[in-house]
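A.B. asks: Below you will find the structure I want to go over with you.
Readers should treat all values here as calculations from the given coordinates under stated rules, not as data from a laboratory. These figures come from a predicted structure and were not determined experimentally. No Cβ is skipped: glycine too gets one built from the backbone with ideal geometry, and neighbour counts run over all protein chains shown.
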Amino acid sequence: MAKIVHKEVLAPQIKLMVVEAPWVAQKAKAGQFVVLRIHERGERVPLTIADFDPSQGTVTIIFQEVGKSTMLLGTLEEGDEILDFVGPLGKEIEERNFGHVVCIGGGVGIAPTYPKAKALKEKGNFVTSIIGARTKTMLFWEEKMQEVSDVLLVTTDDGTYGEKGFVTHVLERVLQKEKVDLVIAVGPVIMMKMVSMVTKPHGVKTLVSLNPIMVDGTGMCGCCRVTVDGKCKFTCVDGPVFDGHSVNFDELMARQRIYLEEEQRALDLWLTEQAKEEAFRVV
Ligand code: NAD
Ligand code: FES
């Protein structure tokens, strides 16, 4: 059981929870993730660790309410407990001085970008961070990203805050002007694909954090397989961070859509049940 000690709404449908999980907090490293389960019959939800505090024994998770399980998670409040909170899982990023590192966070991907930027800044890298969201109200953690970055550049797709456009537009400009030794990108798959396409002609090493469908998170079910450099890799144990120039992003995007129909049906059923319960409460 892992107790929720703090909850915040960061943006519409984006929530933050600080969870008491000393067994994870004491071992966590940037790049790793947890798998949680809300109740005994619940789906296993993989979430990249957004922050951790070994002294307090807490782990911060940030999630977008997109389906039944994340919506249910969003209904939990401070003091409630999450049944299973397993981690840290996956491999950590290599923490060393590369020189100039560009950390890119798109949308909810800003959360898992933070510990990576923080760890690399602590290693003495010059960190340029680029964070982007669809619109101003969807942007979060600007201040926190500023704290761990030498330069912070902000974009919104609609131009309501920062520079108008995608993170890739800003990245292109940075690569034209400056020497960059490493790019790390976390966000929607299409963004990570486009970032990798932008960096490839510049010959800049690019790491991406993949988020395929997962079940056990420990290398047993094969559900999270991705093709990297023509070889089958399991994201949960071989990743989640891979070389962006070697990932088959199109296959990953297709695999992410496999259960869309079932996911929608589960969400519709849950919403109907919630509406019925609400109606009974009113009566
Ligand atoms: P979004 O669609 O709002 O996009 C966020 C930013 O990504 C945009 O503001 C833009 O700058 C950039 N972007 C989007 N499309 C682009 C394109 N075609 N070319 C270049 N840049 C582009 O993102 P969202 O709705 O917050 O993202 C949700 C997705 O992110 C989900 O699919 C979720 O699973 C994924 N996600 C991934 C991780 C991970 O670990 N990889 C973590 C959290 C969320
Ligand atoms: Fe089962 Fe990775 S989630 S092998």
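A.B. asks: If you find the alpha carbon centre of the stretch 1-27 and of the stretch 187-213, how far apart are they in angstrom?
C.D. replies: 27 Å
A.B. asks: Further question: If one computes P(r) from the Cα atoms of the chain, what percent of pairs lie at distances over 30 Å?
C.D. replies: Tail of P(r) above 30 Å: 29 percent of Cα pairs.
A.B. asks: Mind pulling the angle between the C-alpha long axis of helix 260-282 and the longest principal axis of the chain? Nearest 10 degrees, somewhere in 0 to 90.
C.D. replies: The two axes meet at around 50 degrees.
A.B. asks: Which of the GluC sites (Glu not before Pro) found in the stretch 133-239 are loop residues per DSSP with 14 or fewer other Cβ atoms within 10 Å of their Cβ?
C.D. replies: When the GluC sites (Glu not before Pro) of the stretch 133-239 are filtered for loop state and at most 14 Cβ neighbours within 10 Å, 178 remain.
A.B. asks: Something else: Within 11 Å, Cβ to Cβ, of residue 2, how many net charges do the neighbouring residues add up to if Lys/Arg are +1 and Asp/Glu are -1?
C.D. replies: That works out to -2.
A.B. asks: Where in the chain is the longest stretch that carries no trypsin sites (Lys or Arg not before Pro) classed as loop by DSSP and with at most 12 other Cβ atoms within 10 Å? Intermediate values should be presented prior to the final figure.
C.D. replies: On the way: sites that count: 41, 96, 179, 257.
Counting at most 12 other Cβ atoms within 10 Å as exposed, the longest clean stretch of the chain is 97-178.
A.B. asks: May I pose another question? Below 13 Å, Cα to Cα, which aspartates and glutamates can residue 15 reach? Residues fewer than 8 away in the same chain don't count.
C.D. replies: Within the straight-line cut-off, residue 15 pairs with 65, 77, 78.
A.B. asks: Dipole magnitude of the stretch 30-99 about its Cα centre, charges +1 at Lys/Arg Cβ and -1 at Asp/Glu Cβ only, in debye to the nearest 20?
C.D. replies: Values: 6 positive and 13 negative charges, 71 e Å.
So the dipole magnitude of the stretch 30-99 works out to roughly 340 debye.
A.B. asks: Right, another one. Based solely on its DSSP helices, what 222 nm [θ] is calculated for the chain when runs of n ≥ 4 H residues each add -39,500 (n - 2.57) and the sum is averaged over all residues, nearest 500 deg cm²/dmol?
C.D. replies: Dividing the helical sum by the residues of the chain leaves -9000 deg cm²/dmol.
A.B. asks: Something else about it: Using DSSP, restrict attention to beta bridges with both residues in the chain and report what percent are antiparallel, rounded to the nearest 5.
C.D. replies: Close to 60 percent.
A.B. asks: For residue 77, what charge total do you get from the other residues with a beta carbon under 13 Å from its beta carbon, if Lys and Arg give +1 and Asp and Glu give -1?
C.D. replies: It works out to a net charge of -1.
A.B. asks: Excluding residue 154 itself, calculate the net charge of residues whose Cβ lies under 9 Å from the Cβ of residue 154, where each Lys or Arg counts +1 and each Asp or Glu counts -1.
C.D. replies: My count for the surroundings of residue 154 gives -2.
A.B. asks: Follow-up. By how many degrees, between 0 and 90 and to the nearest 10, does the Cα long axis of helix 189-199 differ from the longest principal axis of the chain?
C.D. replies: With rounding to tens, the tilt is 10 degrees.
A.B. asks: Hey, what's the Cα Rg ratio for the stretch 1-110 versus the globular rule of thumb, 2.2 N^0.38 Å? Spell out each step's value before the answer.
C.D. replies: On the way: Rg = 14.1 Å, N = 110, 2.2 N^0.38 = 13.1 Å.
Ratio of Rg to 2.2 N^0.38 Å for the stretch 1-110: 1.08.
A.B. asks: Between the stretch 34-81 and the stretch 119-142, what's the alpha-carbon centroid distance in Å?
C.D. replies: 22 Å
A.B. asks: So how tilted is helix 167-177 from the main axis of the chain? Cα-based, degrees 0 to 90, rounded to 10.
C.D. replies: For 167-177 against the chain, the angle is about 20 degrees.
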